[in-house]
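Participant: Sharing a structure below in C-alpha coordinates format, with a few things to ask.
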Amino acid sequence: MCGRYFIDMEDTDEELEEIIAILQRRKGSAPVKTGEIFPSDTVPVIANNRRLVPTPFAMRWGYALPDGRRVINTRSETAHERPMFQDGMRRRRCLIPASLYFEWERRGRERIKYAIRPAGAKPLYMAGIYRIENGSPVFSILTRAPAESIAFIHDRMPVILPAALREAWLSPDVRPELLLAQAEQRMIFGAVS
(Lines give C-alpha, C1' and ligand atoms only; values in the text may rest on other atoms or scores of the structure.)
Protein backbone atom coordinates (compact mmCIF):
# COMPACT_ATOMS: atom_id res chain seq x y z
CA MET A 1 0.00 0.00 0.00
CA CYS A 2 1.13 3.55 -0.47
CA GLY A 3 -0.40 6.08 1.89
CA ARG A 4 2.23 8.80 1.56
CA TYR A 5 5.10 9.68 -0.69
CA PHE A 6 7.67 12.44 -1.06
CA ILE A 7 8.75 14.89 -3.76
CA ASP A 8 12.13 16.30 -2.74
CA MET A 9 12.67 19.69 -4.39
CA GLU A 10 16.04 20.25 -2.67
CA ASP A 11 17.69 17.09 -3.98
CA THR A 12 15.56 16.23 -6.98
CA ASP A 13 16.16 15.04 -10.49
CA GLU A 14 16.06 17.52 -13.40
CA GLU A 15 13.22 15.51 -14.94
CA LEU A 16 10.98 16.01 -11.91
CA GLU A 17 11.95 19.70 -11.67
CA GLU A 18 10.90 20.19 -15.31
CA ILE A 19 7.51 18.50 -14.75
CA ILE A 20 6.77 20.84 -11.84
CA ALA A 21 8.05 23.89 -13.76
CA ILE A 22 5.70 23.10 -16.68
CA LEU A 23 2.72 22.95 -14.31
CA GLN A 24 3.72 26.18 -12.58
CA ARG A 25 3.90 28.01 -15.94
CA ARG A 26 0.61 26.62 -17.29
CA LYS A 27 -2.25 29.06 -16.93
CA GLY A 28 -5.23 27.64 -15.09
CA SER A 29 -3.27 24.70 -13.65
CA ALA A 30 -3.90 24.04 -9.97
CA PRO A 31 -0.83 24.53 -7.75
CA VAL A 32 0.92 21.26 -6.98
CA LYS A 33 2.32 20.21 -3.64
CA THR A 34 5.87 19.01 -3.04
CA GLY A 35 7.46 17.62 0.11
CA GLU A 36 5.47 14.93 1.94
CA ILE A 37 2.37 14.09 -0.10
CA PHE A 38 -0.86 13.02 1.60
CA PRO A 39 -4.13 11.64 0.15
CA SER A 40 -6.30 14.45 -1.28
CA ASP A 41 -3.24 16.58 -2.18
CA THR A 42 -2.97 17.95 -5.73
CA VAL A 43 0.30 16.77 -7.25
CA PRO A 44 2.12 16.43 -10.59
CA VAL A 45 1.03 13.44 -12.68
CA ILE A 46 1.93 12.40 -16.24
CA ALA A 47 -0.95 11.30 -18.52
CA ASN A 48 -1.77 11.47 -22.20
CA ASN A 49 -3.38 14.63 -23.52
CA ARG A 50 -6.15 14.43 -26.12
CA ARG A 51 -3.57 13.87 -28.87
CA LEU A 52 -2.11 10.96 -26.83
CA VAL A 53 1.06 12.88 -26.00
CA PRO A 54 2.42 12.33 -22.44
CA THR A 55 1.86 15.61 -20.60
CA PRO A 56 2.15 16.83 -16.98
CA PHE A 57 -1.17 17.49 -15.24
CA ALA A 58 -2.11 18.58 -11.72
CA MET A 59 -4.31 15.84 -10.22
CA ARG A 60 -5.85 15.18 -6.83
CA TRP A 61 -4.90 11.92 -5.10
CA GLY A 62 -7.87 9.62 -4.50
CA TYR A 63 -11.16 8.64 -6.14
CA ALA A 64 -14.01 10.06 -4.07
CA LEU A 65 -16.62 7.71 -2.59
CA PRO A 66 -20.17 8.80 -1.67
CA ASP A 67 -19.33 8.59 2.06
CA GLY A 68 -16.45 11.08 1.69
CA ARG A 69 -13.61 8.55 1.89
CA ARG A 70 -11.04 8.34 -0.91
CA VAL A 71 -9.72 5.32 -2.80
CA ILE A 72 -6.02 6.15 -2.91
CA ASN A 73 -4.74 2.68 -3.87
CA THR A 74 -6.04 0.06 -6.28
CA ARG A 75 -4.99 -3.60 -6.41
CA SER A 76 -3.35 -4.04 -9.82
CA GLU A 77 -4.28 -7.73 -9.92
CA THR A 78 -8.04 -7.04 -9.89
CA ALA A 79 -8.43 -3.45 -11.17
CA HIS A 80 -9.52 -4.60 -14.64
CA GLU A 81 -12.42 -6.57 -13.08
CA ARG A 82 -13.88 -3.80 -10.89
CA PRO A 83 -16.29 -1.33 -12.53
CA MET A 84 -14.80 1.66 -10.68
CA PHE A 85 -11.36 1.02 -12.22
CA GLN A 86 -12.04 -0.64 -15.60
CA ASP A 87 -12.03 2.56 -17.67
CA GLY A 88 -8.83 3.71 -16.00
CA MET A 89 -7.09 0.44 -16.79
CA ARG A 90 -8.26 0.56 -20.41
CA ARG A 91 -7.86 4.22 -21.33
CA ARG A 92 -6.78 6.43 -18.43
CA ARG A 93 -3.43 5.28 -17.15
CA CYS A 94 -0.97 7.70 -15.58
CA LEU A 95 2.47 7.93 -13.99
CA ILE A 96 2.98 9.51 -10.57
CA PRO A 97 6.54 10.83 -10.15
CA ALA A 98 8.11 10.86 -6.70
CA SER A 99 11.47 10.85 -4.96
CA LEU A 100 10.43 7.97 -2.67
CA TYR A 101 7.42 6.58 -0.85
CA PHE A 102 6.77 5.80 2.81
CA GLU A 103 5.53 2.67 4.48
CA TRP A 104 5.09 1.72 8.13
CA GLU A 105 6.14 -1.54 9.78
CA ARG A 106 4.13 -2.58 12.81
CA ARG A 107 6.02 -4.13 15.72
CA GLY A 108 3.43 -4.63 18.41
CA ARG A 109 2.36 -1.11 19.41
CA GLU A 110 5.32 0.50 17.70
CA ARG A 111 5.14 1.78 14.10
CA ILE A 112 8.38 2.31 12.22
CA LYS A 113 8.30 4.62 9.19
CA TYR A 114 10.49 3.66 6.21
CA ALA A 115 11.49 5.67 3.15
CA ILE A 116 11.56 3.32 0.14
CA ARG A 117 12.68 3.63 -3.48
CA PRO A 118 14.02 1.39 -6.23
CA ALA A 119 17.77 0.88 -6.30
CA GLY A 120 19.26 3.46 -8.66
CA ALA A 121 15.95 5.13 -9.59
CA LYS A 122 15.56 8.87 -9.17
CA PRO A 123 12.84 9.88 -9.60
CA LEU A 124 10.58 6.83 -9.39
CA TYR A 125 7.33 6.56 -11.34
CA MET A 126 4.37 4.80 -9.78
CA ALA A 127 1.73 3.34 -12.09
CA GLY A 128 -1.72 4.80 -11.64
CA ILE A 129 -5.13 5.24 -13.17
CA TYR A 130 -7.32 8.32 -13.22
CA ARG A 131 -10.83 9.55 -13.87
CA ILE A 132 -12.63 12.89 -13.98
CA GLU A 133 -14.74 13.91 -10.97
CA ASN A 134 -16.71 17.18 -11.08
CA GLY A 135 -14.59 18.36 -14.00
CA SER A 136 -11.21 17.66 -12.34
CA PRO A 137 -8.85 14.68 -12.68
CA VAL A 138 -8.24 12.40 -9.70
CA PHE A 139 -5.94 9.37 -9.55
CA SER A 140 -5.34 6.16 -7.64
CA ILE A 141 -1.96 4.41 -7.30
CA LEU A 142 -1.82 0.77 -8.38
CA THR A 143 -0.38 -1.65 -5.82
CA ARG A 144 1.04 -5.17 -5.95
CA ALA A 145 2.65 -7.79 -3.72
CA PRO A 146 5.86 -6.38 -2.20
CA ALA A 147 9.38 -6.96 -3.42
CA GLU A 148 11.08 -9.62 -1.32
CA SER A 149 13.47 -7.11 0.28
CA ILE A 150 10.63 -5.09 1.84
CA ALA A 151 7.98 -7.75 2.49
CA PHE A 152 8.68 -7.53 6.25
CA ILE A 153 7.46 -3.91 6.23
CA HIS A 154 4.07 -4.31 4.50
CA ASP A 155 2.17 -6.82 2.37
CA ARG A 156 1.63 -4.33 -0.53
CA MET A 157 3.70 -1.78 -2.41
CA PRO A 158 3.07 0.60 -5.31
CA VAL A 159 3.68 -0.65 -8.84
CA ILE A 160 6.88 1.17 -9.84
CA LEU A 161 7.65 1.16 -13.54
CA PRO A 162 11.20 1.18 -14.92
CA ALA A 163 12.05 3.80 -17.57
CA ALA A 164 11.71 1.28 -20.43
CA LEU A 165 8.00 0.67 -19.63
CA ARG A 166 6.73 4.19 -18.92
CA GLU A 167 5.77 5.15 -22.46
CA ALA A 168 4.05 1.79 -23.01
CA TRP A 169 2.10 2.20 -19.74
CA LEU A 170 0.49 5.37 -21.08
CA SER A 171 -0.43 3.77 -24.41
CA PRO A 172 -4.07 2.61 -24.61
CA ASP A 173 -2.93 0.10 -27.26
CA VAL A 174 -0.80 -1.88 -24.78
CA ARG A 175 -2.46 -4.33 -22.40
CA PRO A 176 -1.56 -3.21 -18.85
CA GLU A 177 -1.20 -6.72 -17.43
CA LEU A 178 1.77 -7.30 -19.76
CA LEU A 179 3.59 -4.39 -18.12
CA LEU A 180 2.59 -4.92 -14.49
CA ALA A 181 4.55 -8.18 -14.33
CA GLN A 182 7.74 -6.24 -15.22
CA ALA A 183 7.54 -3.72 -12.36
CA GLU A 184 10.62 -2.83 -10.31
CA GLN A 185 11.69 -5.50 -7.83
CA ARG A 186 14.91 -4.16 -6.28
CA MET A 187 13.98 -1.83 -3.43
CA ILE A 188 16.21 -0.02 -0.97
CA PHE A 189 14.89 1.39 2.27
CA GLY A 190 15.81 3.13 5.47
CA ALA A 191 13.99 3.95 8.69
CA VAL A 192 12.87 7.57 9.03
CA SER A 193 13.10 9.24 12.42
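Participant: In whole Å, what are the Cα extents of the range 61-170 along the three principal axes, biggest one first?
Facilitator: Projected onto its principal axes, the Cα set of the range 61-170 covers 40, 38, 24 Å.
Participant: Skip the ligands, DNA and RNA, and give the accessible area per residue of the chain with a 1.4 Å probe, whole Å². Before the final figure, lay out each step's value.
Facilitator: Numbers: 10150 Å² over 193 residues.
About 53 Å² of surface per residue is accessible.
Participant: Computed over the Cα atoms, what is the radius of gyration of the range 27-98 divided by 2.2 N^0.38 Å, N being its residue count?
Facilitator: Values: Rg = 13.2 Å, N = 72, 2.2 N^0.38 = 11.2 Å.
Against the empirical 2.2 N^0.38 Å value, I get 1.18 for the range 27-98.
Participant: Before rounding to the nearest 500, sum -39500 (n - 2.57) across all DSSP H runs of length at least 4 in the chain and divide by the residue total; then give [θ] at 222 nm in deg cm²/dmol.
Facilitator: Values: 4 runs with 34 residues, N = 193.
Only helices count here, giving -5000 deg cm²/dmol.
Participant: Something else: Per residue, what volume in Å³ does the Cα convex hull of the chain take up?
Facilitator: Hull volume normalised by residue count: 129 Å³.
Participant: Turning to a different aspect of this structure: Could you please state how large a percent of the accessible area of the chain is carbon and sulfur, counting protein chains only and using a 1.4 Å probe?
Facilitator: Carbon with sulfur: 49 percent of the solvent-accessible area.
Participant: Ok, one more. Compare GLU177, GLU36, GLU148 by solvent-accessible area with a 1.4 Å probe and give them largest first, with all protein chains kept in place. Spell out each step's value before the answer.
Facilitator: Numbers: GLU177 80, GLU36 45, GLU148 170 Å².
Final ranking, largest accessible area leading: GLU148, GLU177, GLU36.
The values are calculated or read from the model by the stated rules, or taken from the named source; none is laboratory data. All values derive from a computational prediction rather than experimental measurement. For the accessible areas, the whole protein counts, side chains as well, though only heavy atoms, and no ligand, DNA or RNA atoms are used. Shrake-Rupley method; radii C 1.70, N 1.55, O 1.52, S 1.80 Å.
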